[in-house]
Amino acid sequence: PPPSAQQARELIANSGELGEYEFTNASFTTPTSGATMSEPVRQSVKELAAAGWLALDPTGDVGLTEKSRNDKRFLLRSNGLLDIVPLAKKEMGDVTAVRASPDNTVTVDFTWRWVANEVGTAFKTGLVHDRFAAPQDGRATLMWDGTSWTILKIE
């Protein structure tokens, strides 16, 4: 028999696959040169600066502050880009459907959401903020390995 909704929820919530799923959406990358920033990125950088994570010079160039300099989430690359990751973690929601397939796999529909960390909460507007605001839908494919259900993929 397929797993119950609760069994599927626990399997997905505790899986490495959920941690990896859409991981890049928990990051932010910006050029350090203000001259090459788009307006939406510039707005996000201003929000990070207002929260004390970044410093802006009069030309709009980005620098690290004391607060971010020793924080491993901030990676200043030699190519003039600054990566910040992670900005959030995933929180499992509810299993909305469990469907057995003829190929002996089970499809599980579920909800989840991003929970912003202290850096992620600095984003008050824009794409990063919007990404964290909305609940998300996911789908996992499970397979019986002879002794337990395992995750084949999450999409």
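Where a number appears in this text, it was derived from the coordinates with a stated rule and is not lab data. Just so it is clear, the model here is predicted, and its values are computed rather than measured. FYI the Cβ positions are ideal-geometry reconstructions off the backbone, even for glycines, and counts take in every protein chain you see.
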Vicinal HN-Hα couplings computed from phi for the stretch 144-155 (Karplus, 6.51 cos²θ - 1.76 cosθ + 1.60; Hz; Gly/Pro x): 7, 9, x, 10, 7, 7, 10, 8, 7, 6, 10, 9
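Would you mind computing Rg(Cα) / (2.2 N^0.38 Å) for the chain, counting N as its residues?
Working: Rg = 19.6 Å, N = 155, 2.2 N^0.38 = 15.0 Å.
Here the Cα radius of gyration is 1.31 times the empirical estimate.
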For D109 and D94, calculate 0.36 nm times their separation in residues minus their Cα-Cα distance, and state this gained length in nm to one decimal. 4.5 nm
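For the cross-link pairs K67/K124; K46/K124; K46/K67; K90/K124, which exceed 21 Å when the distance is taken from alpha carbon to alpha carbon?
On the way: K67/K124 19 Å; K46/K124 10 Å; K46/K67 15 Å; K90/K124 19 Å.
With Cα atoms farther than 21 Å apart: none of K67/K124; K46/K124; K46/K67; K90/K124.
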Can you work out the Karplus-derived ³J(HN,Hα) for every residue in the stretch 110-125? Use 6.51 cos²θ - 1.76 cosθ + 1.60 with θ = phi - 60°, whole Hz, and x for glycine or proline. 8, 10, 7, 8, 7, 10, 5, 7, 5, 6, x, 6, 5, 7, 9, 9
T96's amide H: which non-local residues (gap 5+, or another chain) put their own amide H closer than 5 Å, with H modeled 1.01 Å from N in plane and none for Pro or chain starts? D109, F110, T111
Dipole magnitude of the stretch 62-111, debye to nearest 20 (Cβ charges: Lys/Arg +1, Asp/Glu -1, about Cα centre): 340
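Per 0.36 nm of contour for each residue apart, how much would the distance between T141 and A50 grow if the chain were fully extended, relative to their Cα-Cα spacing? All intermediate terms of the calculation are to be shown ahead of the outcome.
Working: separation 91, 0.36 × 91 = 32.76 nm, distance 4.23 nm.
My answer for the length gained is 28.5 nm.
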The stretch 87-129 - Debye-derived log10 I(q)/I(0), Cα point model, q = 0.34 Å⁻¹: -1.07
Taking amide H atoms as placed 1.01 Å from N in the peptide plane, list the residues 5 or more away in sequence, or in a different chain, whose amide H sits under 5 Å from that of L64. A55
